[in-house]
Amino acid sequence: MSNPILIDPLAFARDGASLEGERTIAAMDVRVHEVLATTAGAARYTVSGFIDRLRRPSLRYRVEADVEVNCQRCLAAMPQTLVSEGVITLFVSEEKLEAAVDADDELDAILAEETFDVTALIEDEIIMGLPLSAKHDDCGTEHLERAKADKPNPFAVLATLKKSGS
């Protein structure tokens, strides 16, 4: 389990506080490691609190991460830069949260709790920001030639069987 960065989200937003830093991928939770090729890289983050135009406490965040993912063609590790930013609106009442989400489909809102884990937010944004099928623009012929050389052509095998059977 990674070390949490805990804040009081309502006080953070009300005070207009801000937080920024960097976390290495290696220091993150195993759930992040499972979806990456290696634990190399780091994530830079900023979180700032504010009161939105409707007088609701909110958190603005930005996460930039340099990670390595597996290429789906050649299976080699490849660098990937992820950038994610957004605003989370905080509510103290579930009824108000539901009404606000019904009124605005694009609102990213949560029920405010006593503590908010910024590390979990960073990790979630990395996981959700990964491409579904990462591929090099050009994997190079080395990996493909090796893959082709390891397996005989199935039609050549059938032709050999046909010749030996006649």
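Positive contributions from Lys and Arg (+1) and negative ones from Asp and Glu (-1), summed over other residues with Cβ under 14 Å from the Cβ of A17, come out at -1. Here is how the number arises for the chain: DSSP H runs of 4 or more residues each give -39500 (n - 2.57), the sum is divided by the residue count, and the result at 222 nm is -9500 deg cm²/dmol. Based on the Stokes-Einstein relation at 25 °C and a viscosity of 0.890 mPa s, and on the Kirkwood radius from alpha carbon pairs, the chain is assigned a translational diffusion coefficient of 128 µm²/s.
The accessible surface of the stretch 18-166, taken with every protein chain in place and a 1.4 Å probe, is 52 percent carbon and sulfur. Here the relative contact order of the stretch 63-126, from alpha carbon pairs under 8 Å that lie six or more residues apart, stands at 30 percent. For the stretch 28-70, a crude dipole built from +1 on the beta carbon of Lys and Arg and -1 on the beta carbon of Asp and Glu, taken about the Cα centre, is about 520 debye to the nearest 20. Distances between every pair of Cα atoms in the stretch 31-88, grouped in 10 Å steps from 0 to the bin holding the largest one, split as 21, 36, 23, 15, 5, 0 percent.
The values are calculated or read from the model by the stated rules, or taken from the named source; none is laboratory data. Values in this document were obtained by computation on a predicted structure and should not be read as measured data. Cβ coordinates were reconstructed from backbone atoms using ideal geometry, including for glycine residues, and neighbour counts include every protein chain displayed. In case anyone asks, the SASA skips ligands and DNA or RNA and just uses the protein heavy atoms, side chains included. Shrake-Rupley method; radii C 1.70, N 1.55, O 1.52, S 1.80 Å.
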